[in-house]
Amino acid sequence: MLLWICLLQRLPLLVILAGVGCYALSLLCWLAALHSTPLNIAYPLLSTSYALVYLLAVSIFAEPLEPGKAVGVIFILLGAMMVGIKPANKKHNSH
C-alpha cells in the first residue's frame, strides 16, 4: 500500500518525464525524415498531424464532428497530397 502511495505522489513527475521522452523520440523521427526528404516536402506534411489529431479525437474521445472542422481536415489532407504529387515532366520543343 505504501508503494502505491509513493507512486501516486510521483505520478505527475512520471507523466511529465514520459512526455519529454515522447517529444525526444518525435524529434529523432523528424531528423530522420529530414535526412531523407527535402524540407519543402517534409515541412508541409507536418500539418497532417492537426488533421489526424482531430480525427482521433472524434473517433476515440467522441468529440463532436463539426462540419467546418471536417472541411478544414479535408483541405489539410488535400494540401498534403498535393505537396507529394510530382509534376509531370513537360517536353520543351526547341525550334
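So is N89 polar (S, T, N, Q), at pLDDT below 90, open to solvent by 80 Å² or more (accessible area, probe 1.4 Å) and assigned to a helix (DSSP H, G or I) or not? Lay out the reasoning, then the answer.
Numbers: polar (S, T, N, Q): yes; at pLDDT below 90: yes; open to solvent by 80 Å² or more (accessible area, probe 1.4 Å): yes; assigned to a helix (DSSP H, G or I): no.
No, not satisfied.
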Residues satisfying the stated conditions in segment 66-86, i.e. open to solvent by 80 Å² or more (accessible area, probe 1.4 Å) and at pLDDT below 85: I85, K86
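Going by the structure shown, is Y54 surrounded by 13 or more Cβ atoms within 10 Å (Cβ to Cβ), more than 24 Å from K86 (Cβ to Cβ) and out of contact with any Leu (no Cβ under 7 Å at 6 or more places or on another chain)? Can you show your working first?
Working: surrounded by 13 or more Cβ atoms within 10 Å (Cβ to Cβ): yes; more than 24 Å from K86 (Cβ to Cβ): yes; out of contact with any Leu (no Cβ under 7 Å at 6 or more places or on another chain): yes.
Criteria met by Y54.
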Subset of segment 26-48 that is surrounded by fewer than 12 Cβ atoms within 10 Å (Cβ to Cβ) and within 13 Å of the chain's Cα centre (by Cα) - its residue that is nearest to F75 (Cα to Cα): L46
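The values are calculated or read from the model by the stated rules, or taken from the named source; none is laboratory data. Since the model is a prediction, treat every value here as computed from it, not as a measurement. Virtual Cβ from ideal backbone geometry, glycine too; neighbours counted across all protein chains shown. Each accessible area value is taken on the protein alone, full model and side chains, heavy atoms only, with ligands, DNA and RNA left out. Shrake-Rupley method; radii C 1.70, N 1.55, O 1.52, S 1.80 Å.
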